[in-house]
Amino acid sequence: MVSFSPNLKVLALESFSKLKEINFGILPKLKILNLKKLLKLSSIASNNDENVNKGYFFSPSTIKNFHNLKQLHIIECGRMEDRREVYDLPNGLVPLMISLAIYD
């Protein structure tokens, strides 16, 4: 398991062929999150995420821990079956978001 510093501002993960799940913990200073070519990734969670086992890829419970997030790019993450959950984030949940890109 990998731990991330709570002071982390930019995180990019690319081409981890066996990575299935990421648990970020709480990253209150994270501004940029780029995930690319994580073909087996099935979920992204944070500490105490009650939705991690309910089929969410990236739940509102997780993203609320990234309240300073400005850019979220999820590219070629193969197990993202229902992208709607990312698009349907409640207004104001990520108030600083200026860039959202999700595609295969």
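The values are calculated or read from the model by the stated rules, or taken from the named source; none is laboratory data. Computed from a predicted structure; not experimentally measured. Backbone-built Cβ (ideal geometry, glycine too); neighbour counts: all protein chains shown. With ligands, DNA and RNA removed, areas are computed over all heavy atoms of the protein, side chains included. Shrake-Rupley method; radii C 1.70, N 1.55, O 1.52, S 1.80 Å.
At 1.4 Å probe size, put I74, I26 in order of accessible surface, largest to smallest.
Order by accessible area, largest first: I26, I74.
Excluding K9 itself, what net charge comes from residues whose Cβ is under 13 Å from its Cβ, given Lys and Arg +1 and Asp and Glu -1?
+3
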